[in-house]
Structures are given as C-alpha cells and as structure tokens.
Amino acid sequence: MSGDGLAADSAGNIYFLDANGTFDLSFDEKGFPINGDFGNSMIKLSVNSGTLSVADFFTTYNTPAQTRSMPTWAQAAKFCCRI
C-alpha cells in the first residue's frame, strides 16, 4: 500500500492491497479464489466468531490474463540469470 498502513472502517473491517502475486483462476462456492491466492486484489477482512477471514475482494478485469501470462520461477531465472 505504498508505505501506508492498513485501512479500517467503523465496523472493524480491515482493507489492504495484495499486489504482485498470483491469482487463483478457480473459485469456491462463495466466489473466492479456491487456494486463497488473491494476488493484485484489494481485500476486505472481517472478524467472525474470533476468526479473521476474507469477507470480500476486488480485482481488475485483466488479473486472470496477467496470471496466465506470468512466467514460472524457472523460466524467470533462466531469462534473468542466463542459465
């Protein structure tokens, strides 16, 4: 979040940006990424029964396309380090 802290609202929800990561392309029954990978998303956390959990999220329309085009670590190392 560019050096700033987390944001919160009067209901106790916490908001933050999860950037530069992968985004799951499969979703659970609630519409959330199945493995919990919310890369490049704005995330809303809430506390229910003493448990912190993702209540909602927003990601841009092109995040799935960016995730599909991301190189693997091996591909990136080969390019970067000329292996």
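Table: residues versus (1) modelled with pLDDT of 80 or more; (2) assigned to a strand (DSSP E or B); (3) on the phi < 0 side of the Ramachandran plot; (4) charged (D, E, K, R).
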position	(1), (2), (3), (4)
3	no, no, no, no
10	yes, no, yes, no
20	no, no, no, no
43	yes, yes, yes, no
52	yes, yes, yes, no
55	yes, yes, yes, no
66	no, no, yes, no
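Tell me, yes or no, whether the range 14-24 has at least one residue that is within 15 Å of the chain's Cα centre (by Cα), exposed (fewer than 10 other Cβ atoms within 10 Å of the Cβ) and not acidic (Asp, Glu).
Looking for residues that are within 15 Å of the chain's Cα centre (by Cα), exposed (fewer than 10 other Cβ atoms within 10 Å of the Cβ) and not acidic (Asp, Glu), one finds at least one in the range 14-24, hence yes.
The values are calculated or read from the model by the stated rules, or taken from the named source; none is laboratory data. Here the structure is a predicted model, which means the values were calculated and not measured. Note that each Cβ is placed from the backbone with ideal geometry, even for glycine, and that neighbours are counted across all protein chains shown.
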